[in-house]
1. Among the residues of the stretch 76-90, are any among the hydrophobic types (A, V, I, L, M, F, W, C), more than 25 Å from the chain's Cα centre (by Cα) and surrounded by 11 or more Cβ atoms within 10 Å (Cβ to Cβ)?
2. Six or more apart or on different chains, Cβ atoms under 6 Å: show the pairs whose first residue is in the stretch 54-71 and closer than 9 Å to Val32 by Cα and whose second is assigned to a helix (DSSP H, G or I).
Amino acid sequence: MTKRQIGFSGMLWFVIIMSINLGLINLFPIPVLDGGQILINAIEWAIGKPIPEKIQKYVFGAGFAIVICLMLYSTWNDLMRYTIFQMIRGLLPV
């Protein structure tokens with residue numbers, strides 16, 4: 001195999017893994033994600049009536065907050081791996 005073929009197959013493998021990963025994460029039962037919608041539909045099916053829209057609004061708001069917090073947390077962890085940010089981290093109160 002040439003370098004070009006190895007590079008293409010490596011990129012293709014990366015895209016496949018990322019796609020599967022995104023699909024699985026999307027199935028987490030967090031209300032903003034598809035898994036949360038599946039969970040809400042299952043709850044509605046189990047109780048036999050729709051969940052009031054006001055409650056759904058609050059649940060989706062909480063789910064959105066969870067997703068944002070997870071993104072901020074992961075970004076913070078990534079930034080702390082860089083040397084310059086470790087110096088800044090030393091200046092912050094614990």
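1. Scanning the stretch 76-90 turns up at least one residue that is among the hydrophobic types (A, V, I, L, M, F, W, C), more than 25 Å from the chain's Cα centre (by Cα) and surrounded by 11 or more Cβ atoms within 10 Å (Cβ to Cβ).
2. As it stands, the answer is Gly63/Gly36, since those pairs meet every condition given.
Each reported figure results from applying straightforward, stated rules to the coordinates on display, with no laboratory input. Since we're looking at a predicted model, the values are computed, not measured. A quick note on method: Cβ atoms are made from the backbone with ideal geometry, for glycine too, and the neighbour counts reach across all protein chains shown.
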